[in-house]
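Right, one structure below, let's go through it.
Every read-out reported here was derived from the displayed coordinates using simple, explicitly stated rules and does not represent laboratory data. This is a predicted model, so every value here is computed, not measured. Methodologically, a virtual Cβ is constructed for each residue, glycine included, from the backbone with ideal geometry; neighbour enumeration extends over all protein chains shown.
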Ligand SMILES: Cc1cc2nc3c(=O)[nH]c(=O)nc-3n(C[C@H](O)[C@H](O)[C@H](O)COP(=O)(O)OP(=O)(O)OC[C@H]3O[C@@H](n4cnc5c(N)ncnc54)[C@H](O)[C@@H]3O)c2cc1C
Ligand SMILES: Nc1ncnc2c1ncn2[C@@H]1O[C@H](COP(=O)(O)O)[C@@H](O)[C@H]1O
C-alpha cells in the first residue's frame, strides 16, 4: 500500500474555512508539488458541505467531511475520534494542523490515539529524504518539521521517519492564502463515523463569550500597542501617539482582559498576527504569546520601566522609563518636528 | 468533596540561563541549574488552592534525571504532600509520545495507591520544549477528558469540574467529567512564595524515586526506541534586532538621542512630514 497524500485539518470560522487553515493548504500544496503528492482536507462539523466546496476552490483534490448534528460545535474527544478515523481510513503520509488554541490540543490527542509522533508550533515544514545515521536506512517523503525551542532562541529540525502519519501543528500567519478559483473541482467525500455517546458527555460547553473582530491590524504600516502597564489612562496616551504617527492601536491580552480596549485590537497567539513596518510596544512585558503575534514586524520599539522585561530581547530600540513620563514627551517632540 | 490531585511538573534548564551546545550539536544540560518549569507553578498553585478549599491530597510527579531532585523541593514547600520522581536511564531521549506514556503509567500507579484520583494538572507548556503536548497526550493514554488553556477552575461538584478556558477572542465555560486532565494557563493563579518555615520543612519531606520496572512501563515504548520523532539538527538563531537600549534619568535627553539614532538609521516613524 502506498501513502501519497498530505491531509490538512481545516478549522471553520463562521461559515467559512478559517484563514489559517487556507494558509496551511498553501504550504501543503507547495510540499505536494515538490514530492509528487496530493493535498486533501478533513472537515468536521454540521452543515459544512458548502465550506468543503469552498476548500476545493483553494486547490485541494479531495475533502473528507464528517458531518453530524452532534459535531456542530467543537468538542475535543468526538473531534479526535472523527479525525483519527478518517486518517486510519485514508492513510495520509502527513497530517497538518494549525497551531491555534484548538489545533494545539486536538492534534496531540489525535497523535496519541494513532501512536505516532507530532511536532508542535512549526514555523516551517519541508519535504525530502532522510538517512538514519545509526542504521544507514533511507526514508522517503520525510517531513522536516522546523520549530523554535528553548523559548525561541534555538531552532530544531525534527523528523518522524517510520511512523505514519507524520504530524505537525504549524503557526498561523506565515504563508499566503491560495487564490480562490471556482473553476477548480475537487471531490467531496462524506464519512459516517460512529462516535459513542460517552464521548460527547465527557466535556460539555456551557457558555461561550466571544467578541467579533472589526479592526484589521494585518495591513497596518505602524502599530502602537499598549499593555497592562498602561492602565486606562496609559491607553489614552497610546491612542494619542498612534494618532500623531498615523498608525493603528494594538494591545496585549492583559489590556483587553482588563476591559481597557476591545478584543479586535489584540495582538498575539489568540489575537491577530501583525507585520507592520514599525511596532511600538508600551507597557508590555513581552510574553511569548504576545511576541508570536508581532515578532515579524520590521522594526520593534519598546517602552518599559523594567530594564529586564523580555520585550527588550526582541526590540531594535528600547526605551527604559515610565511610560507616563516618556510618552507625553515623545508626543510633544514628534508634534514639534 | 475532597479531591485528589496529581500535578505534573518538569524540571527544566533555568530559562534565564544561556544554553550551550556540545560539539555533537546536542544541548549541554549539565552545566546549568534546573528549576521547575515556570508554567507548572501555576498548576501547583491551582492544586494547592483546591486542597485548601476542599481537602484531599496533592501528589507531584516529575520524569527527570536523579539530579533534578533539588529543583523539586520548592513544590514540596508550597503544599505538595508527596513527590514521585520517575527516573531511569531507559527514559532518556523520550519524545512527547513516549514521555506521556511513561507519565500516564506512573499516574495509574499513584491512582491505585490513593484509591481515587480526581484531577491531573499540568502547565500549558514547558519552557524548553514548548509543545503543550503532554496534557492532551496523557489524557488520551488514560482515556480521560483533557482541556488545554484553562484560565481557572470555577467549581468541583457532583463528579464534574467547571472550568473557564481561553479561546480566540474570549472564553468558554465547560463542564468536564472527573477524572480529568487540565493544562493550566496561569492567568489566574499567582504562585505563592513559600515561607522559610515551609522551605525548611520541605527539606525533610521524602521524594520517592520510581524506575520503569517498578511502574510496569513497557520499555519498548520509551526512550529513543519508543519515540517516533528524531531531532536531526539544532541551531541558534541570530536575533536580527538592533537591540539598542536607551536609559537615562533625563528623559528629554534620552528621547533626543533616540530620535536622532532612528533618524540616522533611516527609520521613518510614519509621521506625515
Ligand atoms: C492561551 C494563551 C493565549 C494568550 N494569548 C495572548 C495574546 O494573543 N496576546 C497577548 O498579548 N497575550 C496573550 N496571552 C497572555 C500572555 O501570556 C501575557 O499574560 C500578556 O501578554 C501580558 O500582557 P502585558 O505584557 O500587557 O502585561 P504584563 O506582563 O503584566 O506586563 C506589563 C509590563 O508593563 C510594564 N510597566 C508597568 N508600568 C509601567 C510604566 N508606568 N511605564 C512603563 N512600563 C510599565 C511592566 O514593567 C511590565 O513589563 C495569552 C496567554 C495564554 C495562556
Ligand atoms: N518530564 C516531565 N515530567 C513531568 N511533567 C512534565 C514533563 N514534561 C512535561 N510535563 C508537563 O506537561 C506540561 C507540558 O509540557 P510540554 O508538552 O513539554 O510543553 C508541562 O507544563 C508539565 O506540566
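With respect to chain A, whose longest principal axis is taken over its alpha-carbon atoms, helix A:103-114 is tilted by about 30°. Other protein chain C-beta atoms within 10 Å of residue C-beta, averaged over A:155-162: 5.
Applying Stokes-Einstein at 10 °C and 1.306 mPa s to the Kirkwood radius of the range A:162-235, computed over alpha-carbon pairs, gives a translational diffusion coefficient of 80 µm² s⁻¹. Based on alpha carbons, the Rg and Dmax found for the range A:287-337 are 12.3, 36 Å.
When each of A:200, A:175 is scored by the number of other beta-carbon atoms lying within 10 Å, the sequence from fewest to most is A:200, A:175.
Radius of gyration over Kirkwood radius for the range B:3-221, both on Cα atoms: the Rg/Rh ratio is 0.95. Per residue, the convex hull around the alpha carbon atoms of the range A:39-170 comes to 119 Å³. With bins 10 Å wide beginning at 0, the percent of Cα pairs of the range A:1-116 falling in each bin runs 14, 50, 33, 3. When the alpha carbon coordinates of the range B:38-113 are projected onto the principal axes, the ranges are 39, 27, 20 Å, largest first. What is the helix-to-structure angle for A:231-245, meaning the angle in degrees between its Cα long axis and the longest Cα principal axis of chain A, kept from 0 to 90 and rounded to the nearest 10? Taking the Cα atoms of chain A, the angle to A:231-245 is about 90 degrees. Note on chain B: helix-only mean residue ellipticity at 222 nm, from DSSP H runs of 4+ residues weighted -39500 (n - 2.57) and normalised by residue number, equals -9500 deg cm²/dmol. Largest first, the three principal axis extents of the alpha carbons in chain A are 71, 50, 42 Å in whole numbers. Note on residue B:187 and residue B:244: the model spin-label points, each 7 Å out from Cα along the C-beta direction, lie 3.6 nm apart.
Along its principal axes, the protein assembly as shown has C-alpha extents of 73, 72, 54 angstrom, given from the largest down. Computed as a quarter of the hull surface, the mean projected area of the alpha carbon convex hull for the range A:132-197 stands at 9.9 nm². Where in the range A:167-193 is the amide nitrogen less than 15 Å from a point lying 7 Å along the Cα-to-Cβ axis of residue A:30? Counting only backbone N, you get A:170-179.
With a cut-off of 19 Å on the backbone N, the residues of the range B:55-81 near the modelled label site 7 Å out from residue B:203 along Cα-Cβ are B:68-80. Sorting B:9, B:174 from the fewest to the most surrounding beta carbons within 10 angstrom yields B:174, B:9. Centre-to-centre, using Cα atoms only, the range B:208-224 and the range A:148-169 are separated by 24 Å. Counting only other chain Cβ atoms within 10 Å of each residue's Cβ, the peptide B:99-106 averages 1. Residue exposure proxy: B:205, B:175, B:10, A:335, ordered by other Cβ atoms within 10 angstrom of their Cβ from fewest to most, comes out as A:335, B:205, B:175, B:10.
Per-residue ellipticity at 222 nm from helix content only, as computed over chain A with -39500 (n - 2.57) for each DSSP H run of at least four residues, stands at -8500 deg cm²/dmol. Take every pair of alpha-carbon atoms less than 8 Å apart whose residues are at least six positions apart; their mean separation over the length of chain B yields a relative contact order of 23 percent.
In the range B:150-216, the C-alpha radius of gyration followed by the widest Cα-Cα span (Dmax) gives 17.5, 46 angstrom.
Beta bridges from DSSP with both residues in chain B: antiparallel share about 45 percent, rounded to the nearest 5.
The distance linking the range B:106-160 with the range A:193-215 is 19 Å (Cα centroid to Cα centroid, whole angstrom). Averaged over peptide B:252-265, the number of partner chain Cβ atoms lying within 10 Å of each residue's Cβ comes to 3.
Helix A:323-336 and the longest principal axis of the Cα set of chain A meet at an angle near 80°. One quarter of the convex hull surface built on the alpha carbon atoms of the range A:148-297 amounts to 14.6 nm², the projected area averaged over directions. Let me know the whole percent of all Cα-Cα pairs from the range A:217-336 that are separated by more than 26 Å. Tail of the P(r) past 26 Å holds 7 percent of the pairs. Estimated from the Cβ-Cβ distance and a Förster radius of 25 angstrom, the FRET efficiency linking residue B:167 and residue A:262 is about 0.95.
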